[in-house]
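First comes the structure, then the notes that go with it.
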Amino acid sequence: MSRMIFMNGDLVPEEEAKVSVFDHGFLYGDGVFEGIRAYGGKVFRLAEHVDRLYESAHCILLNIPYTPEEMQQAIIDTVRANDLHDAYIRVVVSRGKGDLGLNPKNCPGCQVVIIAGKIAIYPEERYRDGIEAVTVPTRRNVVGALDPRIKSLNYLNNILAHIEAARAGAREALMLNSEGYVTEGAADNIFVYRRGMLLTPPVYLGILEGITRDAVMLLACEEGIPVREIPITRHDIYTGDECFVTGTAAEIMPIVEVDGRAVGTGTPGPVTRRLTELYRELVLDEGVPLA
Ligand code: PMP
């Protein structure tokens, strides 16, 4: 059975889900997207993801022709149409078909696509052993140029970081901002546990305001772990006791080595393991039911 894709209000087989070469998402990366997950028949943080999609769209002056509630329903319908209980869901809203000029006024309507598929997660041993990260040469987008809070289709900044990390033999990239402060991974937020406090960079330094990041900060607070959103440098990570990245796809991934320096003992630490346990419970416990 072929996968069913939501295309502008209809669920169509994958083979029929086609986008024009004149779509400005293709020509210019002009659009926004979201990555969402369903666990055990429930969509985790659905409203939060849809809200972030609409905020991103608003910031790039893109009008989505559905209410957020209709979008939530379309996402649920797409997962159900594919008979999935555990899923990774990609929502893409591009500026739509226009001409070769960049003027969005020549795009009469945006293109809304929802893809639901099985999640390809890291193998369990990665969570057990952790991964290495390296600081990459490409700096995170400057807030005043293209704010990383906008989850736009223009992901070249992150893709370059990913390529540079891979070429250096690391699975995760550590991206700095123009001032040298740590921002985030290629597609994940970063945390460091140091001197009894869980630290994560504030949003104003130029990061995506991750939904997993938010969930992890709340879990840590509930566990009595002090959490601070403060600018951090590579030094804080090199000398930290634990480090991990968070994201919808990766969940909580321990970082055990950064730029050749072991972080703490060089193995996933107790805070990372405890938060992973709590997060795994949370995603099964909370969420919008599909049925
Ligand atoms: N930063 C970037 C650049 C990302 O692409 C993602 C993944 N969407 C994240 C952080 C993590 O965000 P979330 O927890 O909302 O998936």
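The values are calculated or read from the model by the stated rules, or taken from the named source; none is laboratory data. Small disclaimer: the values here were computed from a predicted structure and weren't measured. Counting neighbours? That spans all protein chains shown, and the Cβs are built from the backbone with ideal geometry, glycine included. Just so you know, the surface numbers come from the protein's heavy atoms only, side chains and all, with ligands and any DNA or RNA stripped out. Shrake-Rupley method; radii C 1.70, N 1.55, O 1.52, S 1.80 Å.
The table below lists the values:
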| item | result |
| --- | --- |
| Values of log10 I(q)/I(0), in the order q = 0.17, 0.24 Å⁻¹, for region 4-117 under a Debye, Cα-only, solvent-free model | -0.79, -1.37 |
| Bins of 5 Å from zero: percent of alpha-carbon pairs in region 134-203 | 3, 17, 27, 24, 17, 8, 3, 0 |
| Region 205-264: equivalent-ellipsoid semi-axes (sqrt of 5 x gyration tensor eigenvalues, Cα, Å) | 20, 14, 13 |
| Value of D in µm² per second that Stokes-Einstein yields for region 69-124, Kirkwood Rh from Cα pairs, at 37 °C (0.692 mPa s) | 246 µm²/s |
| Residue-by-residue Karplus 3J(HN,Hα) for region 60-67, coefficients 6.51, -1.76, 1.60, Hz, glycine and proline x | 9, 6, 10, 9, 8, x, 10, 6 |
| Convex hull volume per residue in cubic angstrom - Cα atoms of region 124-285 | 105 Å³ |
| Cα lying deepest toward the dipole's positive end in the chain, options 87, 254, 113, charges on Cβ | 254 |
| Segment residue 118-residue 155, length gained on full extension (0.36 nm per residue, minus Cα span) | 11.1 nm |
| Cα-based equivalent ellipsoid, the chain: semi-axes from gyration tensor eigenvalues, Å | 33, 23, 16 |
| Hits among lysines - C-alpha to C-alpha of residue 18 under 28 Å, sequence gap 8 or more where chains match | 97, 105, 118, 151 |
| Difference of contour (0.36 nm per residue) and Cα-Cα distance, residue 2 to residue 126 | 41.5 nm |
| Sorted peptide list for 223-231, 110-118, criterion being average Cβ within 10 angstrom, highest first | 110-118, 223-231 |
| Two-decimal ratio, region 80-199, of alpha-carbon radius of gyration to 2.2 N^0.38 Å | 1.34 |
| Simple spin-label estimate for residue 15 and residue 288 in nanometres, 7 Å along Cα-Cβ | 3.2 nm |
| Under 5 Å, built H, 5+ apart or other chain: amide partners of residue 183 | 175, 176, 177 |
| Carbon plus sulfur fraction of accessible area for the chain, probe 1.4 Å, in percent | 53 percent |
